[in-house]
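Trainee: Here it is, the structure in full.
The values are calculated or read from the model by the stated rules, or taken from the named source; none is laboratory data. This structure is a prediction, so every number in the text was calculated from the model and none was measured. Don't worry about glycine lacking a Cβ; one is built from the backbone with ideal geometry, like all the others, and counts go over all protein chains shown.
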Amino acid sequence: MKYVHIIRFARALGFSLAEVTMAVGITAIGSLALVGLMPSGLDSLRQSSAQVAEAKIVQAVTADYQMADWGTRKSGQKLPDRQYYFDDRGVRVVKTDNWKFYEVRTTVDPELPVVKGDPSGNKYLRRLIIKITDRPNADAAFGDPRQYRTYNSMVSLIEQTDSALPIVY
């Protein structure tokens, strides 16, 4: 007699088929929404890591030019155009490195930047144009402006004495 009472009590505590079906349906819809958002979230993560890497690259290249030897005052203080290579985290590598991800080409604008109060141009400032691509064929990528990003930076010569000797840092 007690056994029959336990079976009836267990059936009363369980879920019906309709309740289980509704619960599975709600769970499936919620899971499907989360799975559908994963590609968007991963793409946003990839874009933000690329932006961080490119910011580090711009900072490193600008610092390299900032600390470079500008030559003598009489030689015209020319800064050379350069190429750099970086991995996917923005760490500088050599050209032959297997982890090379970004290629960077820099050019120094030949025109002197004009600042307020000095219409002739400031000889102690240079505008640095930094082009960054992550394409495997960098030569073709730098030929198409849609395949690289351009950043502008200003570098200044801190040592401003008019000596004929080269500047040594």
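Trainee: For region 70-82, state whether one or more residues are part of a strand (DSSP E or B), surrounded by 13 or more Cβ atoms within 10 Å (Cβ to Cβ) and either at pLDDT 90 or above or not acidic (Asp, Glu) (or both). Break it down into steps so the answer makes sense when it comes.
Mentor: Step one: filter region 70-82 for residues part of a strand (DSSP E or B), giving 82.
Okay, now just the ones that are also surrounded by 13 or more Cβ atoms within 10 Å (Cβ to Cβ), so 82.
Within this subset, residues satisfying the condition of being either at pLDDT 90 or above or not acidic (Asp, Glu) (or both) are 82.
Checked region 70-82: at least one residue is part of a strand (DSSP E or B), surrounded by 13 or more Cβ atoms within 10 Å (Cβ to Cβ) and either at pLDDT 90 or above or not acidic (Asp, Glu) (or both).
Trainee: Answer yes if at least one residue in region 100-110 is at pLDDT 90 or above, more than 19 Å from GLN47 (Cβ to Cβ) and assigned to a loop (DSSP other than H, G, I, E, B), and no otherwise.
Mentor: yes
Trainee: Sticking with this one: Could you list, in sequence order, the residues of region 123-169 that are modelled with pLDDT of 85 or more and farther than 24 Å from ALA55 by Cβ?
Mentor: ASN137, ASP139, ALA140, GLY143
Trainee: Spot the failing condition for THR96; the list is (1) surrounded by 14 or more Cβ atoms within 10 Å (Cβ to Cβ); (2) over 17 Å from the mean Cα position of the chain (by Cα), and only one is missed.
Mentor: With (1) surrounded by 14 or more Cβ atoms within 10 Å (Cβ to Cβ); (2) over 17 Å from the mean Cα position of the chain (by Cα) applied to THR96, the lone miss is (1).
Trainee: Suppose the filter is over 20 Å from ALA55 (Cβ atoms), surrounded by 10 or more Cβ atoms within 10 Å (Cβ to Cβ) and among the aromatic types (Phe, Trp, Tyr); does TYR102 pass it?
Mentor: Taking the combined requirement at face value, the residue does not satisfy it.
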